[in-house]
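Okay, structure first, notes after.
The values are calculated or read from the model by the stated rules, or taken from the named source; none is laboratory data. Being a predicted model, the structure only gives us computed values, none of them experimental. Note that we place each Cβ from the backbone using ideal geometry, even for glycine, and neighbour counts take in every protein chain shown. Accessible surface is based on the protein model in full, side chains and every heavy atom, while ligands, DNA and RNA are left aside. Shrake-Rupley method; radii C 1.70, N 1.55, O 1.52, S 1.80 Å.
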Amino acid sequence: MIPNRSTLASAARQLRAVWMLLLVGVILSIASPVFLTSGNLLNVGLATAVVALLAIGQTYVIILAEIDLSVGATLGFSSVVTALVLRDHGLIPALAAGLGVGAAVGLVNGLLVTRTRMPSFIATLAMMSILAGMTLQLTSGNPVAITDYDFQGIGQAYLAGIPVPVWIMVVGYGLFGVLLGRTGFGRFVYATGDNQEAARLSGIRTHRVKILAFMISGLLAALGGFILTARLSTAEPTAGTGLELEAIAAVIIGGTSLAGGRGRLIGTLVGALVLGVIDNGMNLLDVSPFLQSVVKGLVILLAVFLDRNVDMLRALVTWRGPSAPSGTSATGGDLHADRPDPVPAPAPEAAQKPAGVSTVRPTP
Amino acid sequence: MIPNRSTLASAARQLRAVWMLLLVGVILSIASPVFLTSGNLLNVGLATAVVALLAIGQTYVIILAEIDLSVGATLGFSSVVTALVLRDHGLIPALAAGLGVGAAVGLVNGLLVTRTRMPSFIATLAMMSILAGMTLQLTSGNPVAITDYDFQGIGQAYLAGIPVPVWIMVVGYGLFGVLLGRTGFGRFVYATGDNQEAARLSGIRTHRVKILAFMISGLLAALGGFILTARLSTAEPTAGTGLELEAIAAVIIGGTSLAGGRGRLIGTLVGALVLGVIDNGMNLLDVSPFLQSVVKGLVILLAVFLDRNVDMLRALVTWRGPSAPSGTSATGGDLHADRPDPVPAPAPEAAQKPAGVSTVRPTP
Amino acid sequence: QNTATDTSAGKASGKKTATLIMSTLNNPFFVSVKNGAEAEAKKSGVQLSVQNANNSDSVALNLATTAISKQVGALIIDPVSSQSATSSVSQANNANTPVLAFDRKPESGKLASFIGYDAIQAGRNAADALAKSLNEKGTIVEIQGLLGTNVAQDRSKGFEEQIAKYPKIKTVAKQAADFDRAKALDVMTNVLQAHPDIDGVYAANDEMAMGALAALKSRKLAGKVQLVGNDGISDALEAVAAGTMYATNAESPYALGQKVITLTGNVLDGKTVPEEETLQGQLVTKENVKKYADYLVGIGDSADVPASLRR
Amino acid sequence: MRLRLQDVRKSFGENSVLRGVTFEVGPGEVVALAGENGAGKSTLTRVISGAHRPDSGQVLIDGEPMTFKDPQAAMARGIEVIYQEFRQNLFPHLTVAENIHVLDRERRFGRLLVSRKRMVRQAQAVLAGLGMDIDVRRPVGSLGVAEQQMVEIAKATSHDLGLLILDEPTAALDERESQQLFQQIERLRAEGVSIVYISHRLDEIFQLADRIVVLRDGQVALNAPTAETGPAQVVAAMVGNAVDDFYPKERNQRDDVVLRIRGAAASNAFHGIDLDVRAGEVLGIGGVVGCGRSALLRALFGLERFTAGTVEVDGRPVRLRGIPDALRQRIAYLTPDRGAEGLCAGLSVEANISLATLRRYTGRADLVRRAKERSACGDVMSRLRVRAASPGVPMSSLSGGNQQKALFAKWVLTGPRVLLMDEPTRGVDVGAKTEIYRIINQLTADGVAVVLVSSDLPELVAMSDRAIVMRQGRVVAELTGDRLDEQSVLEHALVGAA
Ligand SMILES: Nc1ncnc2c1ncn2[C@@H]1O[C@H](COP(=O)(O)OP(=O)(O)OP(=O)(O)O)[C@@H](O)[C@H]1O
Ligand SMILES: Nc1ncnc2c1ncn2[C@@H]1O[C@H](COP(=O)(O)OP(=O)(O)OP(=O)(O)O)[C@@H](O)[C@H]1O
Ligand SMILES: [Mg+2]
Ligand SMILES: [Mg+2]
């Protein structure tokens, strides 16, 4: 689905997060009889939908070697705007306003990052603070109730036995997966994230690509806000707080590199599901609430660690295996001059180790 | 003081955050008669001390092109450990335990980042989650009261009319400023952050440098915890939450680049003071609490924007100035091949603008 | 049916299970609720699972959904906000899972029972107490909780409505400190700089009151400036006893937790329970602090009583 | 296509890089552009491609003034550029096919979605045309440097072209691939494509170009048909005065063996290497891309593992498990990849030079004794003629040649016994090259054993006392004296290779 990997390697990469998901899944289905029931799995989907949607935009942004810390606050802000417009003007204007706000926030983020060359970390962090304040100001800190039946349906209705938010998530991943993996725009996203200067010299309008990616992130935050608001039947001014970190974690667990240029949307979905399944499983197993964040942290570490290790294994296989054309490849360090986090070359790592078995054996 | 800048350019760089501080300071001293009183300035110092200490370690880590999101949680965890040991075993063991915990957390972060090559963003994010859970688990969520008079002095006593936390902050900045700017270790930090591979090939044990930097970060989080705990006379399990973002903001406002290799500790101090002064000013002026986060976000944006703009100006001055060797320098893009965020080369920026005045004038 | 003391029977029937979803556990008040609930659950043989929504409406909803599909005997919610809790309640209603709520009442839905302290009333009580301590005149500072949360909004609302009834009392500053002790310390320190001669402080919870107290202490104003808080946490009781704090509107979280589980036990046993029970906070001042402490010890909550008041 | 530059000027701040450049390239003409480092060649390239806007002057295409706003507009007109730091123009994580078709110009007229199959097929066809056989589905980052360069060339030549600019394309190529590239250039020339060819290698220039243009300080110093000029004239135009000795090689060889390697092997990079390098000797290593010579150097510096064999330094067996081990044996290594492995671009020149020896200048409490550091750096900088405004300016402000000399200085300061050099003059202009050769002479005079890997055959032959040739990980020849010439190195390197 994504063009930047040879099929075998790409399968391996894709599988990694899936393995983690399967591992957690198998453990949970043994530990709890409820886990594998269809009802519970739908719960996981429902609980994951909002973070998963945020993580779509975040994937685009992170492949571009940027980050968007404002998505949680954007969600909160656009939710409140949606609810206020819904109350006074009806459904369609409300949806338009919500999406408009999301896109506008993304546009501002994108302009800040491209035009003023602020690091996106700080630009979107400041934006998060600004939006949180504006949300409170707009509502005086009070939630805005949602009574519109149709709107509630976005969060609460079922279609063919499956909750609408899950449908939205699936469609979102399908659509944006195709956009990222199959279209010219998607290609530009990878190229710009991989090597912005080269992309520019190849004629890609890299600023525009970045701005669009931030707008996608804002739009999907707004969409996530619809779902959350509809599920809760109320727009809470503090909704979304902290969700940016969940979304980023999902993206990274899904195998996307913070250094940019690499990643797949399907991985992000699996990453979001890993997080959702952990939460669900700990609740099912009644893990002490204090320990839950410990377990979650450990699972994240494990997931990313495995990801890196499979990388190493894969690298070894690629270097040694018969599939690699001999005499053509060189060390990772040589080739990724523009990348702080190259495909691993095992040797330099090993060389750094303070103590090691001598590899220069005396000749017999 | 720092080797990687010509003195003039470095003065300019240093001044930038200072300008921002002066700007905010002047506005506030006009708006509030209280602002410039010595008592109030000491309050600012007192309120800034903890974030400023966290920001020291963060500066080291960020110059190394890494990030430490766990400092807030480390502060909370080590505070609680300190308080528990203090209750049962007295002052010295408590201080030792607190610092030990901080250093140990830093060690684990450092090992995760160097040995498993996880991105520090996700490794320290997971660590944050783990530590938050452990803190709650350790205390069952209850604060631990501090009755030790000597320990309280760390936060509440005065020395020569100046609060002890302010002294600690000043001494901390002096000591770690010298370590970063004047010692071999400091030089290694800059070199490793600038180009890890080049540093490694020059014989620098870059992994060790990184691990030490994370340990410094952990140690200073513990020290910040002492101050916070002593000021409140209690160790709160949730103390420190969110402080990591404040500390990172201080570092970036202070002119340190997230891309690594560049930055000064004095800038970080000024950055922390900018944040402290904003908070203080908004309290003095009784700004609506809803709007405070909006104002703070805007000031952060402004500070970083100015920083970048002075950068552009400085770039122009440097290229034009007689101090620049003519015909010898090359483009930023060429030279920062290993850096996603190079010293700005103005020209490509301009070329990217979609519409602009044509600079290709027809010949007369 | 008489399984109130027979744990195993209750478990086997699958009926005496309950899930308690706390809005947060990052706060001693709620930790104490949990402690009270767990203690009572052990006593009454309810198999209780406690979850933490971490102040997030969506997490709370997800937790409720999971609990309902686990088919717990009863769902107990401590809503993150009264509005957002309605979804959880209606889900439980649809699944015929009895649902109890406490502390904040969900706006709609069918509850087996609700108990709680009245947050608006808490604000009012505190206003009255502060007014009384100031002889109904003077300048005061209000320190608000985490903006956008229900309690912060309600307590602030109650306080402001009530304090307005005292025309000679003037609020000179209103700042938020997020229910956080450290933040309250810095905010209060700053506010004192601008207004060094205030007469009273209202903090929306005792955590912030303790932060404010630390700021007052460093200006040697402790005991001179009247301080009123909410909740009645251990540190606050100690401060009240020491005379550095005027009063706290104590709402024993431990008792709340116990009460909730008692009701839950009754619901699980099929007994009828009151539809709504509003607990009143108790204004604790120097006069009655010892009595209140004794009461807490009496219900098994010595953890919330400072050592100095324990006997 | 006819390209005409009319009084093109461009400055960056006060630094005027192009100061009125005028020349013309006719259809089917190959114009070589030469000049010292920093003369403005690459800047000119960027002006033509639309990546930079000239301050004044015009770029005329077929007589029509062009006002390209960005590279895309130039590409639409059939202007393609292979930039100097070519790897900066590739996307290491994208596949070869995607790199070649990153813009996929046909897409916008056809379907919305990209057709991967078609893309792969086209890419294969393009590469086959270049005589290359690589799996186009591999990420470019996994290819060798030379293959990457060929991909870059394929990317540029896969469309209808009017003008092709190549900025030092052979810096990363070996002889064989260079010849392949030259064939392509001949083909394009025959098709009427105009070509601007930038190189520091005079032999290439004379082999390829119809006309030679020399840039000096942003102005045209020479513009003459190849037939009417000679290397001496070109060099004189470049540096402003005549250079009589490109390769001032001095013989300093002594008898004592400093580095002795026996039966060395490293996984599948090289095997059974036996080598002796004497004090004061320059041992050259020739071979084609992937022959294992770089890997050998890296292994000797502890960057890669030996899987068999012994290494002795000054007669003592040593274990090289990491860089610290190598440094302890006073082995120095000048990396071929200056940007990625050599420079700390943001640090001062001084800090870069003292980086490997910093411990000598630190005193109590690890404090750096700046005066001591400065005098040591000053010494070596003047010895090696590193030109910088001051030792405190950032490394990034130096020209490429001076950066390279500064990296030399870093290793000279360590007082090496063995100096391993991989492509020490890549991308360095003639003047700086000569200075680098003088540095090598200075070192051998001090008894340092030098191992020189270079793809620049004239350099390899002229600077080595003795050369070995490697092929597929083995030493296939040792050449000394009269037998050491370009022809024999080439033959041994290529014979038997695919
Ligand atoms: N760590 C490694 N593991 C496995 N194979 C390797 C490793 N390093 C290098 N090789 C292989 O060894 C061979 C020799 O590579 P080397 O870089 O030494 O070539 P080279 O002749 O110096 O080429 P160039 O002139 O391009 O630098 C290549 O086929 C390469 O793929
Ligand atoms: N974007 C830029 N900003 C400022 N100065 C620049 C920029 N690009 C190039 N320069 C300066 O222009 C001059 C010419 O550089 P250019 O890269 O054109 O040289 P060159 O002739 O290609 O040299 P080389 O042979 O080393 O590639 C140098 O002094 C360089 O520092
Ligand atoms: Mg050039
Ligand atoms: Mg090589």
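Here are the numbers for the structure shown:
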read-out: Within segment D:183-287, strands (runs of 3 or more DSSP E) holding 1 or more residues that are under 30 Å from residue D:310 (Cβ atoms); value: D:257-266, D:270-278, D:282-286
read-out: Residues within segment D:299-342 that are open to solvent by less than 10 Å² (accessible area, probe 1.4 Å), more than 10 Å from chain A (Cβ to nearest Cβ) and part of a loop (DSSP other than H, G, I, E, B), tallied; value: 0
read-out: Near pairs, Cβ below 6 angstrom, 6+ apart or cross-chain, from segment D:160-174 (part of a loop (DSSP other than H, G, I, E, B)) to any residue that is away from ligand 1 (no atom under 16 Å from the Cβ) and not charged (D, E, K, R); value: D:160/D:78; D:161/D:78; D:161/D:193; D:162/D:1; D:162/D:78; D:168/D:84; D:168/D:198; D:168/D:199
read-out: Among (1) within 14 Å of chain B (Cβ to nearest Cβ); (2) in contact (Cβ under 8 Å) with a residue 40 or more places away in the chain; (3) crowded, with 22+ Cβ neighbours inside 10 Å, the one test that residue C:303 misses; value: (3)
read-out: Test: residue B:253 is surrounded by fewer than 24 Cβ atoms within 10 Å (Cβ to Cβ), touching a residue at least 60 places away in the same chain (Cβ under 8 Å) and not hydroxyl-bearing (Ser, Thr, Tyr); value: no
read-out: Criterion violated by residue C:70 - all others in (1) open to solvent by less than 10 Å² (accessible area, probe 1.4 Å); (2) away from chain B (no Cβ under 14 Å) satisfied; value: (1)
read-out: Residue selected from segment D:450-498 under the condition among the acidic types (Asp, Glu) and part of a loop (DSSP other than H, G, I, E, B), by the criterion modelled with the lowest pLDDT; value: D:456
read-out: Test: residue in segment C:220-235 that is of a type in the set (Gly, Ala, Ser) and assigned to a helix (DSSP H, G or I); value: yes
read-out: Segment D:315-337, subset farther than 18 Å from residue D:415 by Cα and among the charged types (D, E, K, R), residue farthest from ligand 1 (Cβ to nearest atom); value: D:316
read-out: Qualifying residue in segment C:70-84 (condition: outside any loop (DSSP other than H, G, I, E, B) and under 19 Å from residue A:46 (Cβ atoms)); value: yes
read-out: Candidates D:295, D:264, filtered to the one that is within 13 Å of chain A (Cβ to nearest Cβ), within 16 Å of ligand 4 (Cβ to nearest atom) and either within 21 Å of residue D:461 (Cα to Cα) or surrounded by 22 or more Cβ atoms within 10 Å (Cβ to Cβ) (or both); value: D:295
read-out: Qualifying strands (runs of 3 or more DSSP E) (wholly inside segment D:1-109; at least 3 residues being within 8 Å of chain B (Cβ to nearest Cβ)); value: D:3-12, D:56-61
read-out: Residues of segment C:192-206 that turn out to be at pLDDT 90 or above and either open to solvent by less than 30 Å² (accessible area, probe 1.4 Å) or basic (Lys, Arg) (or both), as a count; value: 9
read-out: Count of residues meeting criterion [over 17 Å from residue D:421 (Cα atoms) and away from ligand 4 (no atom under 16 Å from the Cβ)] in segment D:269-292; value: 3
read-out: Residue D:345 being surrounded by fewer than 16 Cβ atoms within 10 Å (Cβ to Cβ) and modelled with pLDDT under 95; value: no
read-out: Subset tally (residues that are free of Cβ contacts under 8 Å to residues at least 40 places away in the same chain, more than 8 Å from chain B (Cβ to nearest Cβ) and charged (D, E, K, R)) for segment C:184-215; value: 0
read-out: Segment B:77-115: number of residues that are within 14 Å of another protein chain (Cβ to nearest Cβ) and either over 20 Å from residue B:62 (Cβ atoms) or among the small types (Gly, Ala, Ser) (or both); value: 7
read-out: Residue within segment D:298-314 that is among the acidic types (Asp, Glu) and within 15 Å of ligand 1 (Cβ to nearest atom) present; value: yes
read-out: For residue D:342: the one exception among (1) under 15 Å from residue D:412 (Cβ atoms); (2) away from ligand 2 (no atom under 16 Å from the Cβ); (3) touching a residue at least 24 places away in the same chain (Cβ under 8 Å); value: (2)
read-out: Test: residue C:173 is open to solvent by less than 30 Å² (accessible area, probe 1.4 Å), part of a helix (DSSP H, G or I) and of a type outside the set (Val, Ile, Thr); value: no
read-out: Residue within segment B:59-80 that is more than 24 Å from the chain's Cα centre (by Cα), modelled with pLDDT of 95 or more and assigned to a helix (DSSP H, G or I) present; value: no
read-out: Identity of the residue in segment D:444-460, away from ligand 4 (no atom under 16 Å from the Cβ) and either surrounded by fewer than 21 Cβ atoms within 10 Å (Cβ to Cβ) or within 14 Å of another protein chain (Cβ to nearest Cβ) (or both), that ends up farthest from residue D:488 (Cα to Cα); value: D:446
read-out: Entirely in segment A:194-300, the helices (runs of 4 or more DSSP H) that have 2 or more residues that are more than 14 Å from chain D (Cβ to nearest Cβ) and not aromatic (Phe, Trp, Tyr); value: A:206-232, A:243-253, A:265-284
read-out: Sole residue being at pLDDT below 85, open to solvent by 10 Å² or more (accessible area, probe 1.4 Å) and within 16 Å of ligand 1 (Cβ to nearest atom), chosen from D:86, D:68, D:12; value: D:86
read-out: Criterion violated by residue B:118 - all others in (1) more than 7 Å from chain A (Cβ to nearest Cβ); (2) of a type in the set (A, V, I, L, M, F, W, C); (3) touching a Lys or Arg at 6+ places or on another chain (Cβ under 9 Å) satisfied; value: (1)
read-out: Of all residues making up segment C:1-24, the number that are surrounded by fewer than 24 Cβ atoms within 10 Å (Cβ to Cβ), at pLDDT 50 or above and either in contact with an Asp or Glu (Cβ under 8 Å, 6 or more places away or on another chain) or within 14 Å of chain B (Cβ to nearest Cβ) (or both); value: 1
read-out: Residue that is farthest from the chain's Cα centre (by Cα), among those in segment A:130-168 that are within 11 Å of chain B (Cβ to nearest Cβ) and open to solvent by 30 Å² or more (accessible area, probe 1.4 Å); value: A:140
read-out: Candidates D:331, D:323 - the one that is touching a residue at least 40 places away in the same chain (Cβ under 8 Å), more than 16 Å from ligand 3 (Cβ to nearest atom) and of a type in the set (A, V, I, L, M); value: D:331
read-out: Any hit, segment D:238-260, residues being surrounded by 17 or more Cβ atoms within 10 Å (Cβ to Cβ) and within 14 Å of ligand 1 (Cβ to nearest atom); value: no
